[in-house]
Amino acid sequence: MREALAPILFDDDDKPAAQAARRSVVAPAQRSAKAKRKARTKRTEDDLPVHSFQTLLADLATLAKNHVRFGQNPGVTTTTLTQPTAVQQRALERLRISLTGSAPDSTPAALPTP
C-alpha cells in the first residue's frame, strides 16, 4: 500500500535514481532529486500537498457514508457519500478503490514493479 501511495507521500518514489546517487553499497542511502523536491516544496508533481503515511490515513478517515432516515417517514432512507478531496481522490485512484462500487473514472498510475 505504501509503495502505491509513494508519489503522494514524503516517501522516495524514484528508488533507481536514489540508488544511482549512492557511491557504494556501504555508503549511506541517498534520496533522489524527486524526493528532495517533494520535501522542499511539500507538493506532489500534481501540485497536491504531500502527506506522511499517518496524515494521509487521518485525511482518508474523514470520508463518510451516511444512511439518512427521514423523521416524518422512517421507512424512507437514502445513503450519501462525502465528496473526496483532490488528495483523497488521488489516493483512492492509486489504491484502485472506488467509493461508488464501479471502476474509478481515471486510470490509476502504474504501480512500481518490485
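So which of PRO49, PRO28 is at pLDDT 95 or above and not hydroxyl-bearing (Ser, Thr, Tyr)?
Working: PRO28 fails: at pLDDT 95 or above.
Sole residue among the options that is at pLDDT 95 or above and not hydroxyl-bearing (Ser, Thr, Tyr): PRO49.
Figure legend. Inter-residue proximity from segment 51-73: first residues under 18 Å from ALA86 (Cβ atoms), second residues assigned to a loop (DSSP other than H, G, I, E, B), beta-carbon distance below 8 Å, spacing 6+ or different chains. Indicated pairs: HIS51/PHE10; SER52/PHE10; ASP59/THR85; THR62/THR82; LEU63/THR82; LEU63/PRO84; LEU63/LEU99; ALA64/THR82.
Could you say whether any residue in segment 78-99 is over 19 Å from the mean Cα position of the chain (by Cα) and at pLDDT below 85? Write out each step before concluding.
If we filter segment 78-99 for residues that are over 19 Å from the mean Cα position of the chain (by Cα), which is where we start, we get 78-80.
When the remaining residues are screened for being at pLDDT below 85, the result is none.
No, segment 78-99 has no match at all.
Give the residues of segment 58-77 that are hydroxyl-bearing (Ser, Thr, Tyr) and either surrounded by 12 or more Cβ atoms within 10 Å (Cβ to Cβ) or at pLDDT below 90 (or both), sorted by residue number. If the condition is that a residue be hydroxyl-bearing (Ser, Thr, Tyr) and either surrounded by 12 or more Cβ atoms within 10 Å (Cβ to Cβ) or at pLDDT below 90 (or both), then THR77 is the only one that fits. Among the residues of segment 1-38, the ones that are under 26 Å from GLN54 (Cβ atoms), surrounded by 12 or more Cβ atoms within 10 Å (Cβ to Cβ) and among the basic types (Lys, Arg) come to 6 in all.
Conditions tested, residue by residue: (1) of a type in the set (Asp, Glu); (2) closer than 26 Å to SER98 by Cα.
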{"residue": "ALA6", "(1), (2)": "no, yes"}
{"residue": "ASP14", "(1), (2)": "yes, no"}
{"residue": "SER32", "(1), (2)": "no, no"}
{"residue": "HIS51", "(1), (2)": "no, yes"}
{"residue": "VAL68", "(1), (2)": "no, yes"}
{"residue": "GLN83", "(1), (2)": "no, yes"}
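The values are calculated or read from the model by the stated rules, or taken from the named source; none is laboratory data. Note that the structure is a prediction, hence the values are computed from the model and not measured. Neighbour counts are summed over all protein chains in view; Cβ atoms, including those assigned to glycine, are modelled from backbone coordinates with ideal geometry.
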